[in-house]
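A short worksheet on the structure shown next.
The values are calculated or read from the model by the stated rules, or taken from the named source; none is laboratory data. Model, not experiment: these values are computed from the prediction. No Cβ is skipped: glycine too gets one built from the backbone with ideal geometry, and neighbour counts run over all protein chains shown.
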């Protein structure tokens, strides 16, 4: 069954999923971060069908996440390198890895992969932090508010959520 595109949504998460939300795409990027560059290497490591890999690589190139670079003339062969836009997705992969380490089906066995600091070799403990304050970003420490690009419908929805929160707080404080 073909899924409906997210293009109609006024949502940055939906916009990102439109590009990287298909099955296999994030695993292709995971391997690209480990210097896998050639079609055959992706195919061999992932075990992905060639037609699906071709489609995913094309989409990543079309969206400027990977750059297709010729490395051989006869026969013509290409490799796929991360662009700046592609490298910017690395924290997404790290966060998904951390989530999988903690809650994935095989989480009880320990992480299958760790990241270490290149300079000192020490284990890296990823955390999402605010660039201004340095505070950890947690679900309970932030709230969503309309941004500059919010459509009126999105603003109305976020304002409705805020009213619901205020009502819940009134009820809780009255109890």
Residue pairs meeting the criteria (Cβ under 6 Å; at least 6 apart or on separate chains; first under 22 Å from residue 54 (Cα atoms), in the range 1-23; second modelled with pLDDT under 80 and surrounded by 15 or more Cβ atoms within 10 Å (Cβ to Cβ)): 17/6; 18/6
Among the residues listed as 61, 69, the single one being under 18 Å from the mean Cα position of the chain (by Cα) and without any contact (Cβ under 8 Å) to a residue 24 or more places away in the chain: 61
Residue 85 part of a helix (DSSP H, G or I) and either outside the structural domain of residue 153 (by TED's automatic domain parsing) or surrounded by fewer than 16 Cβ atoms within 10 Å (Cβ to Cβ) (or both): yes
Residue within the range 44-53 that is assigned to a helix (DSSP H, G or I), free of Cβ contacts under 8 Å to residues at least 60 places away in the same chain and under 16 Å from the mean Cα position of the chain (by Cα) present: no
Search result, residues across the range 99-130 that are over 17 Å from residue 30 (Cα atoms) and touching a residue at least 24 places away in the same chain (Cβ under 8 Å): 128
Residue count for the range 140-156, restricted to those that are in a helix (DSSP H, G or I), within 12 Å of residue 12 (Cα to Cα) and free of Cβ contacts under 8 Å to residues at least 12 places away in the same chain: 0
Output for the range 24-47, where each listed residue is surrounded by fewer than 18 Cβ atoms within 10 Å (Cβ to Cβ) and more than 15 Å from residue 81 (Cβ to Cβ): 24, 26, 27, 40, 43, 44, 45, 46, 47
